[in-house]
Amino acid sequence: MTMFKRIFLTLLLIAVVSFSCVSLWVSNHYIVPIIMYHHVNETVEIDPMVVSDKWFRWQMEYLKKHYFDVISLDEFVKAKLEGKKLSKKSVVITFDDGFEDNYTYAYPILKEYGFPATIFVPSNQMGLEGQMTLTQLKEIAADELITIGSHTREHLYLPDLQLEEQKAEIFGSKEELERLLNVQIEHFAYPVGGFDETSKQFIKDAGYKSASTTNRGHDRYNNDLFELNRIRFSNKDCTNDILWMKLSGYYNVFRKLKNSH
């Protein structure tokens, strides 16, 4: 064998091994993006809690144009429990706080695109100024595209509460929402993303299937269904490059995570 052939075969072998290692890393580190929204309205302000109806529509159009498979939180959790791998074009949409503008602006756009979403609601705040009413919540809860989840009763930061207070917020919100909306409440979101091991255990004991945080989950890969890290979207996310990065499936691997409480 000539020197040239030996060099060529050596380089080829290195390339094959490198490609295999990269492919394995990519396969093992992909995380289905879980999007988190709060307000959706007509504002043009730059605020991490707000996305305008214009940019929200643009983001939904991006998902459609780039052939993302928008799945429900139920589907995501079921796949995790069954050990099934979801496609690398999967994405989950969630909203926190049950704001009325979710009903006015986001819900019609979601229906237009046929995208499922989960809305986490503080049970004792429905009907307050700026919040969805019971009638509005009943309407969207009856739509198979929308899943209602719990966001405690009073939107209180759980790590600051005494044990009995935590338990009342976690168990009580589930019972109230199920009674008022006549649906199963199976998913929970921590207000401000804060949690501790006690609140996690109460959530499991109450019968929830998952609990979502912000970027406070200790498990970057979202294998722990009771501390699911989510990716905030707002008016800042209005370029193709930003959406590509946040929806790549590797954003959680590299971003900084906060303390859980």
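Some observations on this one:
- Check on THR152, crowded, with 20+ Cβ neighbours inside 10 Å, touching a strand residue (DSSP E or B) at 6+ places or on another chain (Cβ under 9 Å) and part of a loop (DSSP other than H, G, I, E, B): yes
- Selection of first residues in the range 237-255 that are on the phi > 0 side of the Ramachandran plot and of second residues that are modelled with pLDDT under 95 and among the small types (Gly, Ala, Ser), restricted to Cβ pairs under 8 Å at least 6 apart or on distinct chains, gives an empty result.
- Residue count for the range 32-56, restricted to those that are free of Cβ contacts under 8 Å to residues at least 40 places away in the same chain and in a strand (DSSP E or B): 0
- Within the range 208-236, the set of residues being closer than 24 Å to PHE171 by Cα and touching a residue at least 60 places away in the same chain (Cβ under 8 Å) comprises LYS209, SER210, SER212, THR214, ASN222, ASN223, LEU225, LEU228, ASN229, ARG230.
- Scanning the range 191-222 for residues that are of a type in the set (A, V, I, L, M, F, W, C) and more than 17 Å from the chain's Cα centre (by Cα) yields PHE202, ILE203, ALA206.
- One residue alone among LYS65, LYS80, LYS89 is more than 26 Å from LEU156 (Cα to Cα), loosely packed, with under 14 Cβ neighbours inside 10 Å, among the basic types (Lys, Arg) and out of contact with any Cys (no Cβ under 7 Å at 6 or more places or on another chain), and that residue is LYS65.
- Helices (runs of 4 or more DSSP H) contained in the range 159-260 and holding at least 3 residues in contact with a helix residue (DSSP H, G or I) (Cβ under 8 Å, 6 or more places away or on another chain), open to solvent by 10 Å² or more (accessible area, probe 1.4 Å) and of a type in the set (D, E, K, R): 163-181
- Taking every residue in the range 159-183 that is more than 14 Å from THR135 (Cα to Cα) and pairing it with any residue that is among the aromatic types (Phe, Trp, Tyr), at least 6 positions away or on another chain, the pairs with Cβ-Cβ distances below 6 Å are GLN166/PHE202; LYS167/PHE202; ILE170/PHE202.
- Looking across the range 97-115 at every residue that is within 16 Å of the chain's Cα centre (by Cα) and more than 21 Å from LEU63 (Cβ to Cβ), the one that is surrounded by the fewest Cβ atoms within 10 Å (Cβ to Cβ) is identified as ASP97.
- The residues of the range 131-149 that are of a type in the set (Val, Ile, Thr) and outside any helix (DSSP H, G or I), listed by number, are THR133, ILE146, THR147, ILE148.
The values are calculated or read from the model by the stated rules, or taken from the named source; none is laboratory data. Here the structure is a predicted model, which means the values were calculated and not measured. Using ideal geometry, Cβ is built from the backbone for each residue, glycine included, and neighbour counts are taken over all protein chains shown. We work out accessible area using only protein heavy atoms, side chains counted, and drop any ligands, DNA or RNA first. Shrake-Rupley method; radii C 1.70, N 1.55, O 1.52, S 1.80 Å.
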